[in-house]
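The values are calculated or read from the model by the stated rules, or taken from the named source; none is laboratory data. Just so it is clear, the model here is predicted, and its values are computed rather than measured. Here the Cβ positions follow ideal geometry from the backbone for every residue, glycine too, while neighbour counts run over all protein chains shown.
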Amino acid sequence: MTAHLAISNLRVTLDRQGEAVAVIDDLSLEIQEGEIVGMVGESGSGKTMTALAVLQLLPRRAHASGSIVLAGQELLDLPESELRQVRGAKVGMVFQEPVAALNPVFTVGAQLLAAINAHQDLSRSDARARAVELLGNVGLPEPELRLRQYPHHLSGGMCQRVMIAMALAAGARLLIADEPTTSLDVTIQDEIVRLIRRLAVESGISVLFISHDLGLVSRLCHRVAVVYAGQVVETGPTRTLLEAPMHPYTKALLRCVPNLHEVGVVHRGIPGTPPLPGSLPEGCRFRPRCEYATAACQAPQVLEPRADDHLVRCVRALELADVGRAIPPTPTLPLQGGGS
Amino acid sequence: MTAPVGTARADLDGRAPADCLLRISDLTVTYGLRSRQPVHAVVDVSLEVHTGRTLALIGESGSGKSSIARAICGLAPVERGTITMDGYELTTAPDRPVAAGQRGIQIVFQDPVSALDPRWSVWRSVAEPLLRHVPSSDDRRERAMVLLERVGLDRSFGDRHPHQLSGGQRQRVTIARALAPAPRLVILDEAVSALDVSVRNEILVLLDELKREEGLTYLLISHDMGAVAQMATDIAVMYLGKVVESGEAARVIREPAHPYTDALLASVPTVSGDIVDPSFRPRGEIGDTAHPPPGCRYHTRCPLAIDRCAAEEPLMRPVRERLTACHRADEKVNA
């Protein structure tokens, strides 16, 4: 089976005063038709850069090498004129700030119609009908009314639904969602996540879902790739990563996920900060923050298969498999009186 | 005036209100009071924050939780009701923000980028609250440096500027500044919501440490249930300007009595298995504060709503060792 999107050995460098600094290094990722893949990591780990590389929207001083194949077509050496046929028509993207992504001086309808007309030759009435259909499809009540409204009439959650409709307006088969729910309330976040899941199931589109929240990703995605300092450090089916995480970074991220069974217990985050591009530590990039680091970690780490369909970039992966298990067995704690 | 209801302790445990640090009684916050369409962001809310505890105010955007925080600090218009800090009435003070500061209240906001002056070195920002009290600049600088160490930043950070700091480091700086006047109550208004999960937990660990070591009391305002479950000792759930459930954190989280509390908990992305029935998910989005629905304000989204909910507003009453405002709370039995 060939993947709908196959990123292989992607390397993105930024030109910093004549010096090429790698922000993404040897990153590989595959998304099948109809599959939702989550990309998880902290700020600065290269998640957004990967998304921008797929769309070839990298900053001017960035250079990408490796290979990005979308539906059999190599994107990295496409000329700009052909890339326009990829963006929007084949790949739709949704960003973090839905309110900022919409133009406040145009109606929702004008912006959605622009997205429809950019890639399709439809009559006015057909385009309008398509717009109503798209808004209905993303669960916006009263789509006819919404078309006439301006973004400030809509809540953040509604704006994000409009953005998703725009991203899919031209029939894109790959949706890239970059932290699409970060600025939204939990209740709305939950609805957006379930909307994306429904769209993927119903119309078989592929989704690359980028987030720093492993809990959120685990609600939605079939597979998860955990990235750290521009590299994938662990990848596998969601269930495998949640139940048998091997990389210490994945284990640490899992500890940060809310656990409503343990009220009043403050969990440690991950001490320290991710390394800056250009000043990476020797060997394993997570080593300075890793509680299990040994001398063996000073050698560069390779992403290796450690179990069935489970790749880990850690020399101690197998011996740490049972250490610090992320999900404690569901406790049935009695209510405690007072905490003081 | 009715007796203050709020963190269920005083009402349910029969404990004397002596350890009550902040008391909010029948507070109504109204924006545009003299306009044609005044908006009641908070309506008749009563709450108590007890010394040494952490009261979490939770609810969606538009529930009025931030308006309560701003009203305490004198930054939002109070139409009626009282806010007393340690017996001192804050709402009638001539300069409400100054009075709140003098009575030992400090606030940490969500966005540490806009909360710090980009032109000021970190130590000057931290020492700003001391300007009136510590005349010597050298003394202020020294105090700021000690505070920075207190929040886990070494002294070299004092001479840096905000743009040289990461988001987590900036939030540590704003916490250090809040600690400068030695407050007793710190309001954390979405103080960790903008941070990455890994950084967020590090800040929570710091806040927990500071609370114990400095004897602080927190009012935690958050839509982030992960942070709330870790930090809160008491919870008050707000919906469209009203408190709908309040009580001890463990009780409210483990056996919510109000369907809205269920809905909030059901939306939390956990990996430890769903704690509540997903059928409690709310319908649609939070209503308009300017035009709240009649009866129970949540009935338009509530999966348990009956005719009575649209006609009659439920009052806060004790149900299973906490207070809740729901007509059907007794029927709803959690496993």
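Structure above, values below:
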{"quantity": "Residues that are more than 20 Å from residue A:257 (Cβ to Cβ), within 11 Å of another protein chain (Cβ to nearest Cβ) and of a type in the set (D, E, K, R), drawn from region B:225-261", "calculated": "B:234, B:248, B:251, B:255"}
{"quantity": "Single unsatisfied condition, residue B:137 versus (1) in contact with an Asp or Glu (Cβ under 7 Å, 6 or more places away or on another chain); (2) over 22 Å from residue A:42 (Cβ atoms)", "calculated": "(1)"}
{"quantity": "Positions within region A:272-291 being surrounded by 15 or more Cβ atoms within 10 Å (Cβ to Cβ) and under 25 Å from the mean Cα position of the chain (by Cα), in sequence order", "calculated": "A:273, A:274, A:275, A:277, A:280, A:284, A:285, A:286, A:287, A:289, A:290"}
{"quantity": "Residue that is farthest from the other protein chains (Cβ to nearest Cβ), among those in region B:163-205 that are part of a helix (DSSP H, G or I) and over 16 Å from residue A:273 (Cβ atoms)", "calculated": "B:177"}
{"quantity": "Inter-residue pairs, beta-carbon under 6 Å, first farther than 18 Å from residue B:169 by Cα and in region B:131-158, second of a type in the set (Val, Ile, Thr) and surrounded by 14 or more Cβ atoms within 10 Å (Cβ to Cβ), 6+ apart", "calculated": "B:140/B:134"}
{"quantity": "Members of region A:103-124 that are under 10 Å from residue A:151 (Cα atoms) and hydroxyl-bearing (Ser, Thr, Tyr)", "calculated": "A:107"}
{"quantity": "Matching option when the condition is surrounded by fewer than 15 Cβ atoms within 10 Å (Cβ to Cβ), in a helix (DSSP H, G or I), in contact (Cβ under 8 Å) with a residue 24 or more places away in the chain and more than 14 Å from chain B (Cβ to nearest Cβ), among A:114, A:100, A:118", "calculated": "A:118"}
{"quantity": "Number of the condition not met by residue B:282 [criteria: (1) within 22 Å of the chain's Cα centre (by Cα); (2) within 14 Å of chain A (Cβ to nearest Cβ); (3) of a type outside the set (Ser, Thr, Tyr); (4) crowded, with 22+ Cβ neighbours inside 10 Å]", "calculated": "(1)"}
{"quantity": "The lone exception for residue A:246 - which of (1) in contact with a Leu (Cβ under 8 Å, 6 or more places away or on another chain); (2) surrounded by fewer than 24 Cβ atoms within 10 Å (Cβ to Cβ); (3) at pLDDT 90 or above it fails", "calculated": "(2)"}
{"quantity": "Single unsatisfied condition, residue A:308 versus (1) acidic (Asp, Glu); (2) touching a helix residue (DSSP H, G or I) at 6+ places or on another chain (Cβ under 7 Å); (3) surrounded by fewer than 20 Cβ atoms within 10 Å (Cβ to Cβ)", "calculated": "(2)"}
{"quantity": "Region B:285-324 - residue that is within 14 Å of chain A (Cβ to nearest Cβ) and of a type in the set (Lys, Arg) and, of those, surrounded by the most Cβ atoms within 10 Å (Cβ to Cβ)", "calculated": "B:322"}
{"quantity": "Subset of region A:147-158 [under 20 Å from residue A:128 (Cβ atoms) and part of a helix (DSSP H, G or I)]", "calculated": "A:147, A:148, A:151, A:153, A:158"}
{"quantity": "Residue B:295 vs. criteria closer than 30 Å to residue A:213 by Cβ and in a loop (DSSP other than H, G, I, E, B)", "calculated": "no"}
{"quantity": "Checking residue A:46 against (1) surrounded by fewer than 21 Cβ atoms within 10 Å (Cβ to Cβ); (2) on the phi > 0 side of the Ramachandran plot, the condition it does not meet", "calculated": "(1)"}
{"quantity": "Residues of region B:209-234 classified as surrounded by fewer than 23 Cβ atoms within 10 Å (Cβ to Cβ) and more than 14 Å from the chain's Cα centre (by Cα), total", "calculated": "8"}
{"quantity": "Enumeration of residues in region B:33-52 that are within 14 Å of chain A (Cβ to nearest Cβ) and either assigned to a strand (DSSP E or B) or farther than 21 Å from residue B:82 by Cα (or both)", "calculated": "B:49, B:50, B:52"}
{"quantity": "Selection count where residues are closer than 20 Å to residue B:251 by Cβ, part of a loop (DSSP other than H, G, I, E, B) and in contact (Cβ under 8 Å) with a residue 24 or more places away in the chain, scope region B:299-326", "calculated": "6"}
{"quantity": "Close pairs from region A:264-292: first under 21 Å from residue A:14 (Cβ atoms), partner surrounded by fewer than 18 Cβ atoms within 10 Å (Cβ to Cβ) and of a type in the set (Asp, Glu), Cβ under 9 Å, at least 6 apart", "calculated": "A:278/A:19"}
{"quantity": "Pick from region A:160-185, criterion within 14 Å of the chain's Cα centre (by Cα) and within 11 Å of chain B (Cβ to nearest Cβ), ranking: nearest to residue A:30 (Cα to Cα)", "calculated": "A:179"}
{"quantity": "Selection status of residue B:79, out of contact with any Pro (no Cβ under 6 Å at 6 or more places or on another chain), within 14 Å of another protein chain (Cβ to nearest Cβ) and not basic (Lys, Arg)", "calculated": "no"}
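Residue-by-condition table, conditions (1) free of Cβ contacts under 8 Å to residues at least 24 places away in the same chain; (2) hydrophobic (A, V, I, L, M, F, W, C); (3) closer than 27 Å to residue A:85 by Cβ:
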{"residue": "A:27", "(1), (2), (3)": "no, yes, yes"}
{"residue": "A:30", "(1), (2), (3)": "no, no, yes"}
{"residue": "A:55", "(1), (2), (3)": "no, yes, yes"}
{"residue": "A:60", "(1), (2), (3)": "yes, no, yes"}
